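Structure first, then comments.
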Amino acid sequence: MKIAVLPGDGIGREIVAQAVKVLDRLRLPLEMHEAPVGGAGVDAAGEPLPGATLRLAKDADAILFGAVGDPRYDALPRAKRPEQAILGLRKALGLFANLRPARVHPELAAASALKPEVVAGLDILIVRELTGDIYFGEPRGIREVAGEREGFDTMRYSEGEIRRIAKVAFEAARKRARRLCSVDKANVLETSQLWREVVGEESRNFPDVELSHMYVDNCAMQLVRDPKQFDVVVTGNMFGDILSDEASMLTGSIGMLPSASLDEKGKGLYEPIHGSAPDIAGKGVANPLATILSAAMMLRYSLARPDAADRIERAVAGVLHDGLRTADIHTAGTRRVGTDEMGDAVAAAL
Ligand code: NAD
């Protein structure tokens with residue numbers, strides 16, 4: 001199994017090194033090749049996504065990605081900015097399904113802005129469509145109408161686009177508690193009416209998964225009122241953009257959250273949801289657990305090794321249970337450790 005390892009910028013290198021350490025410890029037949037991306041790509045080859053990096057990513061079974069972005073490049077034209085590397089990879093690899101789990105380890109429930117009893121033990125997965133919807137629909141623009149400017153965008157989804165994301169979500173639900181909630185705005189939007197119809201049709205192929213539908217405004221409320229009612233949530237690009245950020249903040253700890261972006265064949269790019277954190281880069285204090293948990297997702301969703309994914313997740317839970325904490329999740333009475341020590345502890349717990 002070939003893995004493209006793209007650490008990127010800022011804390012990317014430090015946290016990806018810990019995930020690689022953990023993967024090495026599993027002693028699986030993994031071939032890992034590293035390449036520069038983001039600001040590191042600009043330094044190495046003048047491009048945020050150098051050709052050789054893209055070829056490596058295309059060739060691999062999965063991609064382990066750190067983070068990109070560096071204030072040194074903020075003045076570059078948009079096409080050369082490090083963040084373009086992610087958009088380029090998504091496009092070139094056809095990564096249309098974004099999987100964002102939000103999980104609250106019981107020991108970290110106090111980090112949430114919500115009451116601990118509302119979030120303790122939370123384990124939900126948001127599946128967001130990533131390549132369609134109002135973000136890409138045409139026509140769009142700003143035009144002059146009756147003497148004033150008017151902005152407009154087009155929300156659109158084809159049946160095929162809805163069906164393929166629904167399938168990913170049903171399959172993910174099958175690997176979990178077998179409940180799927182499809183989120184739309186079918187009371188107002190035609191696009192959402194079609195969405196609801198197609199997801200309903202697709203559910204016939206997954207009779208073992210319980211399907212429900214919810215309007216997006218209600219879902220936004222339910223996520224803070226009673227988030228544990230959900231197992232898997234599937235939604236379009238724009239609603240998913242907002243709801244996945246809302247869900248991640250239920251956990252209160254950005255350094256803990258992994259993500260996956262998948263193509264039609266299950267190949268994927270795996271990365272923590274946070275950025276390159278230039279404020280703490282090079283200090284050895286970044287939390288590597290989001291990246292380590294991203295590596296676990298990679299084993300589950302692209303490399304067909306759910307057993308190894310479970311082992312990593314259990315090791316992370318064990319280390320937290322033992323009271324080890326990086327600075328971002330540190331509380332009184334627990335032991336503060338650095339990036340390396342946290343990676344070592346997870347590897348040892350395996
Ligand atoms: P950020 O996620 O990098 O950091 C936000 C805050 O969270 C910072 O205080 C940071 O120190 C902290 N933080 C983030 N990850 C952490 C970790 N693993 N452990 C401990 N603390 C952590 O967001 P930002 O500061 O808005 O952006 C910084 C750069 O990252 C920008 O260039 C931005 O464009 C880029 N970015 C990249 C991605 C990506 O690569 N997918 C995502 C978001 C932002």
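Summary of computed values
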quantity: Failed condition for residue 47, given (1) out of contact with any helix residue (DSSP H, G or I) (no Cβ under 7 Å at 6 or more places or on another chain); (2) more than 24 Å from residue 343 (Cβ to Cβ); calculated: (1)
quantity: Candidate set from segment 11-25 (those that are within 12 Å of the ligand (Cβ to nearest atom) and more than 27 Å from residue 74 (Cα to Cα)); member that is nearest to the chain's Cα centre (by Cα); calculated: 19
quantity: Criterion: assigned by TED's automatic domain parsing to the domain that holds residue 267 and away from the ligand (no atom under 15 Å from the Cβ) - qualifying residue of 46, 66; calculated: 46
quantity: Residue in segment 289-297 that is in contact with a His (Cβ under 8 Å, 6 or more places away or on another chain), touching a residue at least 24 places away in the same chain (Cβ under 8 Å) and assigned by TED's automatic domain parsing to the domain that holds residue 10 present; calculated: yes
quantity: Residue match in segment 258-276 (condition: in a helix (DSSP H, G or I), within 16 Å of the ligand (Cβ to nearest atom), closer than 29 Å to residue 315 by Cβ and touching a residue at least 40 places away in the same chain (Cβ under 8 Å)); calculated: no
quantity: Odd one out for residue 180, checked against (1) touching a helix residue (DSSP H, G or I) at 6+ places or on another chain (Cβ under 6 Å); (2) within 16 Å of the ligand (Cβ to nearest atom); calculated: (2)
quantity: Residue in segment 63-77 that is in contact (Cβ under 8 Å) with a residue 24 or more places away in the chain, surrounded by 17 or more Cβ atoms within 10 Å (Cβ to Cβ) and over 20 Å from the mean Cα position of the chain (by Cα) present; calculated: yes
quantity: Residue within segment 216-225 that is in contact with a Lys or Arg (Cβ under 8 Å, 6 or more places away or on another chain) and not charged (D, E, K, R) present; calculated: yes
quantity: Subset of segment 171-216 (residues that are among the β-branched types (Val, Ile, Thr) and either assigned to a loop (DSSP other than H, G, I, E, B) or without any contact (Cβ under 8 Å) to a residue 12 or more places away in the chain (or both)); calculated: 188, 209
quantity: Within segment 320-350, tally of residues that are more than 15 Å from the ligand (Cβ to nearest atom), farther than 12 Å from residue 107 by Cα and part of a helix (DSSP H, G or I); calculated: 5
quantity: Hits in segment 80-136 - residues which are within 16 Å of the ligand (Cβ to nearest atom) and either assigned to a loop (DSSP other than H, G, I, E, B) or at positive phi (or both); calculated: 81, 82, 83, 95, 105, 112, 113, 130
quantity: Any chance residue 28 is in the same structural domain as residue 274 (by TED's automatic domain parsing), in contact (Cβ under 8 Å) with a residue 60 or more places away in the chain, away from the ligand (no atom under 16 Å from the Cβ) and within 22 Å of residue 303 (Cβ to Cβ); calculated: yes
quantity: Single residue of segment 122-151 satisfying the filter (of a type in the set (Gly, Ala, Ser) and either touching an Asp or Glu at 6+ places or on another chain (Cβ under 7 Å) or assigned by TED's automatic domain parsing to the domain that holds residue 100 (or both)) that is surrounded by the most Cβ atoms within 10 Å (Cβ to Cβ); calculated: 132
quantity: Whichever residue in segment 68-120 is among the β-branched types (Val, Ile, Thr) and under 30 Å from residue 265 (Cβ atoms) and, among such residues, is modelled with the highest pLDDT; calculated: 68
quantity: Segment 278-319, subset outside any loop (DSSP other than H, G, I, E, B) and near the ligand (Cβ under 10 Å from one of its atoms), residue nearest to residue 1 (Cα to Cα); calculated: 291
quantity: Identity of the residue in segment 162-183, closer than 15 Å to residue 237 by Cα and out of contact with any strand residue (DSSP E or B) (no Cβ under 7 Å at 6 or more places or on another chain), that ends up surrounded by the most Cβ atoms within 10 Å (Cβ to Cβ); calculated: 162
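Residues are listed down the side, and each one gets a yes or a no for (1) under 20 Å from the mean Cα position of the chain (by Cα); (2) under 24 Å from residue 122 (Cα atoms); (3) of a type in the set (S, T, N, Q):
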| site | (1), (2), (3) |
| --- | --- |
| 259 | yes, yes, yes |
| 263 | yes, no, no |
| 272 | yes, yes, no |
| 297 | yes, yes, no |
| 300 | yes, yes, no |
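The values are calculated or read from the model by the stated rules, or taken from the named source; none is laboratory data. Note that the structure is predicted; figures quoted are calculated from it, not measured. Virtual Cβ from ideal backbone geometry, glycine too; neighbours counted across all protein chains shown.
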